[in-house]
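**Student:** Structure below; questions to follow.
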Amino acid sequence: MSDNGNGRGTAAGPRGLADARRPRRLRVSPGLRRLVRETRVSVDDFVYPLFVTHGTNVRNEIASMPGVFQWSIDKLAAEAESIAELGIPAVLLFGLPAEKDPVGTENFAEDGIVQRAVRELKRAVPELVVVTDVCLCEYTDSGHCGLLNHGEARGLPEGYVLNDETLPVLARVALSHAEAGADMVAPSGMMDGMVAAIRAGLDAEGWSHLPILSYAVKYASAFYGPFRDAADGAPAFGDRTSHQMDPANAREALREAALDVEEGADMLMVKPALAYLDVIRQTRENFPEMPLAAYNVSGEYAMVKAAARNGWIDERRVALEILTGIKRAGADIIISYHAKDAALWIR
Ligand code: PBG
């Protein structure tokens with residue numbers, strides 16, 4: 001330990017503390033703190049999820065997600081304008097079909113809810129990037145992400161989500177979204193080979209320029225609870241543990257990501273975000289060349305909202321701290337229900 005030279009110490013600190021050991025010097029003023037800030041969340045990072053439903057004049061607030069709505073098509077233009085006005089570059093679209101069946105027919109119908117919504121969004125605000133979620137669970141009567149096994153075929157249990165049988169359906173859905181005008185498709189079903197199947201399906205029809213954002217690393221998470229109200233996509237029986245990842249596994253995430261890169265994914269996603277910051281970080285480090293998105297999911301949003309409504313936390317500070325943490329962990333892109341609020345807060 002050295003002292004300040006005159007043997008008396010200083011008013012600013014205890015005698016003998018080495019000058020080099022004072023990180024607080026760079027925290028003295030807002031200007032200094034700004035200069036040394038390592039992570040900046042920008043509105044450019046955000047993707048805002050949108051739920052579309054049939055009917056007219058519908059603006060249904062989702063009970064477990066205050067401030068998030070299901071919109072009918074006629075209300076979309078105004079909502080899209082307000083999103084673009086805030087500077088948010090992209091939306092992620094989810095549809096609630098009129099009817100559900102075993103295959104999820106409306107999922108690839110030319111006049112399906114998502115296809116109509118895409119056309120309306122691109123008409124109203126052409127510069128807003130429209131990403132579509134590609135999965136079966138909102139469309140199948142089972143609420144599952146694929147076609148189901150019946151009987152005990154090949155040793156698979158009754159109700160097992162069949163992988164290879166589901167792939168052509170996913171490719172067909174993605175193609176129909178492309179034809180409607182989507183800027184990017186985002187398969188979320190965690191079927192093996194889904195990226196390759198969608199890539200081949202798009203390329204064969206002349207859509208080789210359309211990017212795929214793969215939900216590459218998606219966990220079987222209880223944090224999706226409120227989303228399943230919003231998109232009416234809860235499984236009628238069972239759960240998603242036979243295809244979504246076990247929350248205990250991190251090394252396996254690298255395997256999932258590597259396969260999707262090999263299959264032609266243009267961007268990767270880790271989902272959820274908050275309980276998986278380590279996975280975001282290692283995906284970032286192992287795939288430095290890939291744009292990486294993180295999905296700050298419905299349950300993460302709902303917890304903040306609920307605590308804030310009780311006056312237990314400061315919503316603005318907590319939400320920005322969470323978004324900063326996700327970015328600091330290594331995400332380039334953050335899909336968040338807080339995007340509109342955050343865009344105003346950080347403006
Ligand atoms: C599947 C899908 C889900 C979410 C996004 N896409 C639900 C699920 O896998 O059960 C969850 C998003 C959220 O919780 O915000 N189409």
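The values are calculated or read from the model by the stated rules, or taken from the named source; none is laboratory data. Every value quoted in this text rests on a predicted model; they were computed, and no experiment measured them. Cβ: placed from backbone, ideal geometry, glycine included. Neighbour counts: every protein chain shown.
**Student:** Please specify each residue of the stretch 79-92 satisfying the condition of being part of a loop (DSSP other than H, G, I, E, B) and surrounded by fewer than 21 Cβ atoms within 10 Å (Cβ to Cβ).
**Tutor:** Taking the stretch 79-92 as the starting set, the residues that turn out to be part of a loop (DSSP other than H, G, I, E, B) are 86-89.
Within the stretch 79-92, Leu86, Gly87, Pro89 qualify.
**Student:** Any residue in the stretch 291-305 that's closer than 16 Å to Leu277 by Cβ and more than 9 Å from the ligand (Cβ to nearest atom): show its pairings with residues that are part of a helix (DSSP H, G or I) and of a type in the set (Lys, Arg) at Cβ separation under 9 Å, as long as the two are six or more apart or on different chains.
**Tutor:** Leu292/Arg284; Ala294/Lys327
**Student:** For the stretch 98-124, name all the residues that are surrounded by fewer than 21 Cβ atoms within 10 Å (Cβ to Cβ) and hydrophobic (A, V, I, L, M, F, W, C).
**Tutor:** Of everything in the stretch 98-124, those that are surrounded by fewer than 21 Cβ atoms within 10 Å (Cβ to Cβ) and hydrophobic (A, V, I, L, M, F, W, C) turn out to be Ala98, Val103, Ala109, Ala124.
**Student:** Would you please name the residue that is modelled with the highest pLDDT, looking only at residues in the stretch 126-151 that are among the acidic types (Asp, Glu) and within 16 Å of the ligand (Cβ to nearest atom)?
**Tutor:** Once the filter is applied, the top-ranked residue is Asp133.
**Student:** Can you find a residue in the stretch 198-208 that is touching a helix residue (DSSP H, G or I) at 6+ places or on another chain (Cβ under 8 Å), surrounded by fewer than 22 Cβ atoms within 10 Å (Cβ to Cβ) and closer than 22 Å to Pro126 by Cα?
**Tutor:** Yes, the stretch 198-208 contains at least one residue that is touching a helix residue (DSSP H, G or I) at 6+ places or on another chain (Cβ under 8 Å), surrounded by fewer than 22 Cβ atoms within 10 Å (Cβ to Cβ) and closer than 22 Å to Pro126 by Cα.
**Student:** Taking the criterion of being assigned to a strand (DSSP E or B), within 25 Å of the chain's Cα centre (by Cα), within 20 Å of Ile326 (Cβ to Cβ) and in contact (Cβ under 8 Å) with a residue 60 or more places away in the chain, would at least one residue in the stretch 25-42 satisfy it?
**Tutor:** No; the residues of the stretch 25-42 include none that is assigned to a strand (DSSP E or B), within 25 Å of the chain's Cα centre (by Cα), within 20 Å of Ile326 (Cβ to Cβ) and in contact (Cβ under 8 Å) with a residue 60 or more places away in the chain.
**Student:** Also, I was wondering about something else. Evaluate the stretch 327-341: report whether one residue or more is among the hydrophobic types (A, V, I, L, M, F, W, C), more than 16 Å from the ligand (Cβ to nearest atom) and within 22 Å of Leu93 (Cα to Cα). Step through it out loud before you land on a result.
**Tutor:** Initially, the stretch 327-341 is screened for residues among the hydrophobic types (A, V, I, L, M, F, W, C), giving 329, 331, 333-335, 339.
From what's left, more than 16 Å from the ligand (Cβ to nearest atom): 329.
With the extra rule that they be within 22 Å of Leu93 (Cα to Cα), the set shrinks to none.
The answer is no, given that none of the residues of the stretch 327-341 is among the hydrophobic types (A, V, I, L, M, F, W, C), more than 16 Å from the ligand (Cβ to nearest atom) and within 22 Å of Leu93 (Cα to Cα).
**Student:** Of the conditions (1) within 16 Å of the ligand (Cβ to nearest atom); (2) free of Cβ contacts under 8 Å to residues at least 60 places away in the same chain; (3) under 17 Å from Gly67 (Cα atoms), Leu274 fails just one. Which one is it?
**Tutor:** (3)
**Student:** A follow-up question, please. Does the stretch 244-267 contain at least one residue that is under 19 Å from Val195 (Cβ atoms), β-branched (Val, Ile, Thr), within 16 Å of the ligand (Cβ to nearest atom) and buried (at least 17 other Cβ atoms within 10 Å of the Cβ)? First the steps, then the outcome.
**Tutor:** Filtering the stretch 244-267 for residues under 19 Å from Val195 (Cβ atoms) gives 244-245, 252-267.
Filter again for β-branched (Val, Ile, Thr), leaving 261.
From the residues that got through so far, the ones that are within 16 Å of the ligand (Cβ to nearest atom) too are none.
Looking for residues that are under 19 Å from Val195 (Cβ atoms), β-branched (Val, Ile, Thr), within 16 Å of the ligand (Cβ to nearest atom) and buried (at least 17 other Cβ atoms within 10 Å of the Cβ), one finds none in the stretch 244-267, hence no.
**Student:** Find the residue count for the stretch 163-197, including only residues that are within 24 Å of Tyr224 (Cα to Cα) and surrounded by fewer than 18 Cβ atoms within 10 Å (Cβ to Cβ).
**Tutor:** Total meeting the criteria: 2.
**Student:** Pick from Gly95, Gly31: which is surrounded by fewer than 14 Cβ atoms within 10 Å (Cβ to Cβ), at pLDDT 95 or above and among the small types (Gly, Ala, Ser)?
**Tutor:** Selected residue: Gly31, the only one of Gly95, Gly31 that is surrounded by fewer than 14 Cβ atoms within 10 Å (Cβ to Cβ), at pLDDT 95 or above and among the small types (Gly, Ala, Ser).
**Student:** Just the residues that are in a loop (DSSP other than H, G, I, E, B) and either at positive phi or within 16 Å of the ligand (Cβ to nearest atom) (or both), please, taken from the stretch 306-322.
**Tutor:** Gly311
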